[in-house]
1. Limited to segment 100-110, what total is found for residues that are within 25 Å of residue 219 (Cβ to Cβ) and either within 13 Å of the ligand (Cβ to nearest atom) or free of Cβ contacts under 8 Å to residues at least 40 places away in the same chain (or both)?
2. Looking only at residues that are under 19 Å from residue 85 (Cβ atoms) and in contact (Cβ under 8 Å) with a residue 12 or more places away in the chain in segment 46-58, which one is farthest from the ligand (Cβ to nearest atom)?
3. If residue 10 meets every condition in (1) open to solvent by 70 Å² or more (accessible area, probe 1.4 Å); (2) farther than 19 Å from residue 216 by Cα apart from one, which number is that one?
4. Collect the residues in segment 70-88 that are within 10 Å of the ligand (Cβ to nearest atom) and either over 21 Å from residue 24 (Cα atoms) or modelled with pLDDT under 95 (or both), keeping them in residue-number order.
5. Against the condition open to solvent by 50 Å² or more (accessible area, probe 1.4 Å) and within 13 Å of the ligand (Cβ to nearest atom), how does residue 27 come out, does it pass?
6. In segment 164-189, what residues are of a type in the set (A, V, I, L, M, F, W, C) and either surrounded by 20 or more Cβ atoms within 10 Å (Cβ to Cβ) or away from the ligand (no atom under 16 Å from the Cβ) (or both)?
7. Take segment 190-210 and flag every residue that is surrounded by fewer than 16 Cβ atoms within 10 Å (Cβ to Cβ), within 18 Å of the chain's Cα centre (by Cα) and part of a helix (DSSP H, G or I).
8. Go over the candidates 119, 39, 113 one by one and state the one that is over 12 Å from the mean Cα position of the chain (by Cα), at pLDDT below 95, away from the ligand (no atom under 13 Å from the Cβ) and open to solvent by 50 Å² or more (accessible area, probe 1.4 Å).
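The values are calculated or read from the model by the stated rules, or taken from the named source; none is laboratory data. Computed from a predicted model, the values in this text were never measured in an experiment. Cβ atoms come from the backbone with ideal geometry, glycine included; neighbour counts cover every protein chain shown. These accessible areas exclude ligands, DNA and RNA; they are computed on the full protein's heavy atoms, side chains included. Shrake-Rupley method; radii C 1.70, N 1.55, O 1.52, S 1.80 Å.
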Amino acid sequence: MNVILVGPPGSGKGTQAAELVNRFALRHLSTGDLLRAAVRGGSELGQRIAGILAAGELVPDALMTEIVAERLRALPDGWLLDGYPRTVPQAEALIALLDELGRAEPAVVVLEVADDEIVRRLAGRLGCADCGAITSRAEAEAVAATMGDQGLRCPRCHGARLATREDDGEGTVRNRLSVFRSQTQPASERLGRRYRLARVDGRGATADVAQRIAGALAAAH
Ligand code: AMP
């Protein structure tokens, strides 16, 4: 099974991707994680794109498509793609690549969350400067408490260097949302004309949303 997960910033896309990857033993390809790792590592690619990510803009299509195509060529069926495609040209490139590679048709899942809920969620979101994990303030406080610490701790590596993700500032969030509406929604519509597409309500507890997605995927297969 191949899955393309689409959702606005703050829709729980990363959290749900991790759930799906575990539940269905998929390989996870997240373009956001890849790009953030490049920025943290200070590679040439990282230096080129740091400003783009910080502003909430999109990395150019040709570069993204090259990065994703290189990885997808090496992956057998059984993957989850998170963060790509984000524009109509990326969607066209992905459809052409999957046709060329003769891969199983992916199921597309679109997470739906209203804008005011997104802004509320992102205000409490933190990123770990050490391992790159994304967590909420409440979760980081709970992890710290279990370690006898009053501050914030990363649930993955237990590091204490947690901060608001650089692209989660209010102006950048607005920009990312408007980029999502103007560019990524048309891309998912393009995918929906070619593949099965399910829209899933992204509100509520992580486990409930995961259950809805699993139901939608079962119906698609
Ligand atoms: P994400 O973690 O998926 O929200 O991605 C974080 C940021 O990485 C986005 O706001 C973009 O700046 C960049 N990015 C990730 N995937 C893509 C893509 N497919 N095309 C262009 N930019 C991307």
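1. 1
2. Kept after step one, since they are under 19 Å from residue 85 (Cβ atoms), are these residues of segment 46-58: 49, 52-53, 56-58.
Still in the running and in contact (Cβ under 8 Å) with a residue 12 or more places away in the chain: 49, 53, 56-58.
Details: 49: 8, 53: 4, 56: 5, 57: 6, 58: 4 Å.
Across segment 46-58, the extreme among qualifying residues is 49.
3. Failing condition for residue 10: (1).
4. Step one: list which residues in segment 70-88 are within 10 Å of the ligand (Cβ to nearest atom), which gives 81-87.
85, 86, 87 - these are the residues of segment 70-88 that are within 10 Å of the ligand (Cβ to nearest atom) and either over 21 Å from residue 24 (Cα atoms) or modelled with pLDDT under 95 (or both).
5. Working: open to solvent by 50 Å² or more (accessible area, probe 1.4 Å): yes; within 13 Å of the ligand (Cβ to nearest atom): no.
Against the criterion (open to solvent by 50 Å² or more (accessible area, probe 1.4 Å) and within 13 Å of the ligand (Cβ to nearest atom)), residue 27 does not qualify.
6. Of all residues in segment 164-189, those of a type in the set (A, V, I, L, M, F, W, C) come to 173, 177, 179-180, 187.
Hits for segment 164-189 are 173, 180, 187.
7. Result: 206, 207.
8. Numbers: 39 fails: away from the ligand (no atom under 13 Å from the Cβ); 113 fails: open to solvent by 50 Å² or more (accessible area, probe 1.4 Å).
Matching residue, one of 119, 39, 113: 119.
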